[in-house]
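Novice: Please see the structure below; I have some questions.
The values are calculated or read from the model by the stated rules, or taken from the named source; none is laboratory data. In this text, all values refer to a predicted model and were calculated from it rather than measured experimentally. Cβ atoms come from the backbone with ideal geometry, glycine included; neighbour counts cover every protein chain shown.
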Amino acid sequence: MVLKKADNMNNNIPPLPVHWVYNQDILASEVAKHANPEFIPNSICPFYQIPTGKNSAYGDHLYVLLKSVVESRGFNENAYKEGLKAMFGPGSAFDYERPSSGGPAQGPYLHGSMKKFLQNLAQNQENTGDTGSTDADGVINSSVIVALYGGTPQMIPKLEAMVKVVQNTPICLKFALTGARLLEDLIKNGPNANAVENLKSLVDADMAQEISKAEDLKPHPHIVAAKKLGYACSLPGSFLGMLHCLLSATPGNFTESVRPTLLAGGDNCARAAMLGACLGAQVGIEGLPGDLLAQVERGEEVRALAQQLVDMRQA
């Protein structure tokens with residue numbers, strides 16, 4: 001299997017100015033003022049404030065994994081842990097005092113699972129993963145593992161090892177593997193309008209039933225379906241909401257395909273990251289919106305790292 005398009009799975013649009021807005025009326029009113037809702041100048045996120053174009057914690061986490069895998073010439077658990085500590089730990093941009101009340105934090109948001117990882121790492125625990133996490137980080141990060149190990153017997157053990165570093169829970173492992181199967185299929189077979197239906201044949205019966213929930217809501221507008229499926233951070237809703245958006249996506253138009261899940265609110269950042277990987281795997285580098293990517297933090301560096309990752313696979 002040739003992973004010729006895997007370099008694009010890490011170029012995801014981060015909808016930070018409108019991240020974690022759960023009042024869809026407020027969100028709609030604000031984005032209506034701007035031609036490009038991806039990069040409105042002022043954040044309306046009620047939880048944290050960072051400059052438009054900077055990565056969310058999801059993006060920073062994915063960047064650490066990508067950089068670690070490229071520099072280590074493969075997934076190296078210790079190198080990955082050290083990279084996470086440098087990005088999120090003491091002395092980092094995430095290490096600042098947050099207000100106990102009275103408005104959003106003026107800086108990046110540190111996820112609960114990453115806090116637990118840092119705590120476990122500081123205590124020299126062998127198993128550093130959060131045993132209570134239900135978030136989609138593992139699904140998002142699966143793109144790096146698939147890009148290098150997809151189609152080989154190493155993919156599943158490497159994926160499980162990667163996820164367990166930060167999220168050591170069955171639900172995170174199961175959905176990360178499901179996301180990896182989806183990406184692997186899209187890279188192997190190219191653009192596929194039946195990718196979500198095909199995914200059901202690659203997973204167990206329980207997961208297939210979950211996937212059907214997204215398919216059943218296909219006739220509904222995405223803003224409605226995302227809320228019904230669960231538009232907060234946790235699984236399965238986050239992953240199923242992404243699948244619903246993918247069902248109606250036009251791979252040839254990356255921006256218009258991602259925008260509906262941005263406008264649905266909630267944890268749109270996680271859904272957009274997963275969706276961006278699926279779309280990028282289908283359209284190739286030429287199908288990505290250069291005008292938007294130019295405004296994303298580390299855009300060119302990530303592009304270069306992703307190309308190195310693909311070169312490692314093809315070597």
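Novice: Quick test of your reading of the structure: residue 287 fulfils all but one of (1) surrounded by 24 or more Cβ atoms within 10 Å (Cβ to Cβ); (2) more than 20 Å from residue 142 (Cβ to Cβ); (3) of a type in the set (Gly, Ala, Ser). Name the failing condition by number.
Specialist: (1)
Results for (1) without any contact (Cβ under 8 Å) to a residue 60 or more places away in the chain; (2) in contact with a Phe, Trp or Tyr (Cβ under 7 Å, 6 or more places away or on another chain); (3) in a helix (DSSP H, G or I), shown as yes or no for each residue.
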{"site": "176", "(1), (2), (3)": "yes, no, yes"}
{"site": "181", "(1), (2), (3)": "yes, no, yes"}
{"site": "185", "(1), (2), (3)": "yes, no, yes"}
{"site": "188", "(1), (2), (3)": "no, no, yes"}
{"site": "197", "(1), (2), (3)": "yes, no, yes"}
{"site": "201", "(1), (2), (3)": "yes, no, yes"}
{"site": "210", "(1), (2), (3)": "yes, no, yes"}
{"site": "214", "(1), (2), (3)": "yes, no, yes"}
{"site": "218", "(1), (2), (3)": "yes, no, no"}
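Novice: Given (1) assigned to a helix (DSSP H, G or I); (2) closer than 24 Å to residue 130 by Cα, identify the lone condition not met by residue 223.
Specialist: (2)
Novice: Go through (1) under 19 Å from residue 134 (Cβ atoms); (2) crowded, with 21+ Cβ neighbours inside 10 Å for residue 184 and report which single condition fails.
Specialist: Only one criterion is unmet by residue 184, namely (1).
Novice: Just the residues that are out of contact with any helix residue (DSSP H, G or I) (no Cβ under 9 Å at 6 or more places or on another chain), touching a residue at least 12 places away in the same chain (Cβ under 8 Å), assigned to a helix (DSSP H, G or I) and crowded, with 16+ Cβ neighbours inside 10 Å, please, taken from segment 96-154.
Specialist: none
Novice: It is to be established whether one or more residues within segment 299-313 are part of a helix (DSSP H, G or I), closer than 24 Å to residue 68 by Cα, among the polar types (S, T, N, Q) and out of contact with any strand residue (DSSP E or B) (no Cβ under 8 Å at 6 or more places or on another chain). Give the derivation first.
Specialist: Applying the first criterion (part of a helix (DSSP H, G or I)) to segment 299-313 yields 299-313.
If we keep only those that are closer than 24 Å to residue 68 by Cα as well, we get 299-313.
Now narrow it down to the ones that are among the polar types (S, T, N, Q): 307-308.
Keeping just the survivors that are out of contact with any strand residue (DSSP E or B) (no Cβ under 8 Å at 6 or more places or on another chain) gives 307-308.
Yes, segment 299-313 contains at least one residue that is part of a helix (DSSP H, G or I), closer than 24 Å to residue 68 by Cα, among the polar types (S, T, N, Q) and out of contact with any strand residue (DSSP E or B) (no Cβ under 8 Å at 6 or more places or on another chain).
Novice: Filter segment 1-48 for residues that are in a helix (DSSP H, G or I), among the charged types (D, E, K, R) and modelled with pLDDT under 90 and give the result. Before you say what the answer is, go through the steps one by one.
Specialist: First, pick out the residues of segment 1-48 that are in a helix (DSSP H, G or I): 6-8, 16-18, 24-31, 37-39.
Okay, now just the ones that are also among the charged types (D, E, K, R), so 7, 25, 30, 38.
Within segment 1-48, 7, 38 meet the criteria.
Novice: In segment 238-262, what count of residues is obtained for those that are out of contact with any Asp or Glu (no Cβ under 9 Å at 6 or more places or on another chain) and either acidic (Asp, Glu) or buried (at least 16 other Cβ atoms within 10 Å of the Cβ) (or both)? Steps first, answer last, please.
Specialist: The first filter runs over segment 238-262 and keeps only residues out of contact with any Asp or Glu (no Cβ under 9 Å at 6 or more places or on another chain), leaving 242, 245-246, 248, 251-254, 256-257, 260-261.
Going one step further and asking which of them are either acidic (Asp, Glu) or buried (at least 16 other Cβ atoms within 10 Å of the Cβ) (or both), we end up with 242, 245-246, 251, 254, 256-257, 260-261.
Final tally of qualifying residues: 9.
Novice: Residues in segment 64-71: is at least one within 20 Å of the chain's Cα centre (by Cα), at pLDDT 95 or above and not hydrophobic (A, V, I, L, M, F, W, C)? I'd like the intermediate steps shown before the answer.
Specialist: Let us first name the residues in segment 64-71 that are within 20 Å of the chain's Cα centre (by Cα), namely 64-70.
If we keep only those that are at pLDDT 95 or above as well, we get 64-70.
From what is left, the residues that are not hydrophobic (A, V, I, L, M, F, W, C) are 67-68.
There is at least one residue in segment 64-71 that is within 20 Å of the chain's Cα centre (by Cα), at pLDDT 95 or above and not hydrophobic (A, V, I, L, M, F, W, C).
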